[in-house]
1. Search the range 63-76 for residues being within 13 Å of the chain's Cα centre (by Cα), of a type in the set (D, E, K, R) and outside any strand (DSSP E or B), and hand back the single one that is surrounded by the most Cβ atoms within 10 Å (Cβ to Cβ).
2. In the range 37-62, which residues are under 18 Å from L79 (Cα atoms), in a helix (DSSP H, G or I) and among the hydrophobic types (A, V, I, L, M, F, W, C)?
3. Considering each residue of the range 33-47, count those that are farther than 11 Å from Y19 by Cβ and either among the basic types (K, R) or over 11 Å from the mean Cα position of the chain (by Cα) (or both), and give that number.
4. In the range 1-29, what residues are aliphatic (A, V, I, L, M), at pLDDT below 95 and surrounded by 12 or more Cβ atoms within 10 Å (Cβ to Cβ)?
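The values are calculated or read from the model by the stated rules, or taken from the named source; none is laboratory data. Because the structure is predicted, anything quoted here is derived from the model rather than measured. Note that each Cβ is placed from the backbone with ideal geometry, even for glycine, and that neighbours are counted across all protein chains shown.
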Amino acid sequence: MHRLFKILGSEPRLKLIKYLLGLEEPICYCELEDVIDRDRSVVYRHLKKLESVGLIRTERVGKRVECEIRDKEKVNKLLKVAEELTHQEVKSNGS
């Protein structure tokens, strides 16, 4: 669980997850460079970390590596919990 939240603690990975949640079909990782303003190698490393904790799946299709959210409902719930925990932490640190 700790590893999962650590991986989600990265702003670029959160951006990628949120972007992928809005898609209906898999997308080639090479098309995600603009989402986090990084080159393909950095995007690919972030996606591999997300895949390592089961949030996304990747598949080679010819020369392309396509990715998508593994289970949108679960990922949405996870992001909601993470957001609630972040807000609680901010409130307790502000007191």
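1. Of all residues in the range 63-76, those within 13 Å of the chain's Cα centre (by Cα) come to 67-72, 74-76.
Those still in the list that are of a type in the set (D, E, K, R) too: 68, 70-72, 74.
In the following step, the residues that additionally are outside any strand (DSSP E or B) were identified as 70-72, 74.
Numbers: R70: 15, D71: 13, K72: 13, K74: 12.
Taking the candidates together, the pick is R70.
2. Residues of the range 37-62 that are under 18 Å from L79 (Cα atoms), as a first pass: 46-47, 49-57.
Filter again for in a helix (DSSP H, G or I), leaving 46-47, 49-52.
Matches in the range 37-62: L47, L50.
3. 9
4. Keep residues of the range 1-29 that are aliphatic (A, V, I, L, M), which gives 1, 4, 7-8, 14, 16-17, 20-21, 23, 27.
So of that shortlist, the ones also at pLDDT below 95 come out as 1, 4, 7-8, 14.
Scanning the range 1-29 gives L4, I7, L8, L14.
Per-residue answers, yes or no, for (1) in contact with a helix residue (DSSP H, G or I) (Cβ under 6 Å, 6 or more places away or on another chain); (2) on the phi < 0 side of the Ramachandran plot; (3) without any contact (Cβ under 8 Å) to a residue 12 or more places away in the chain:
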site	(1), (2), (3)
R13	yes, yes, no
R45	no, yes, yes
E59	no, yes, no
R64	no, yes, no
E84	no, yes, yes
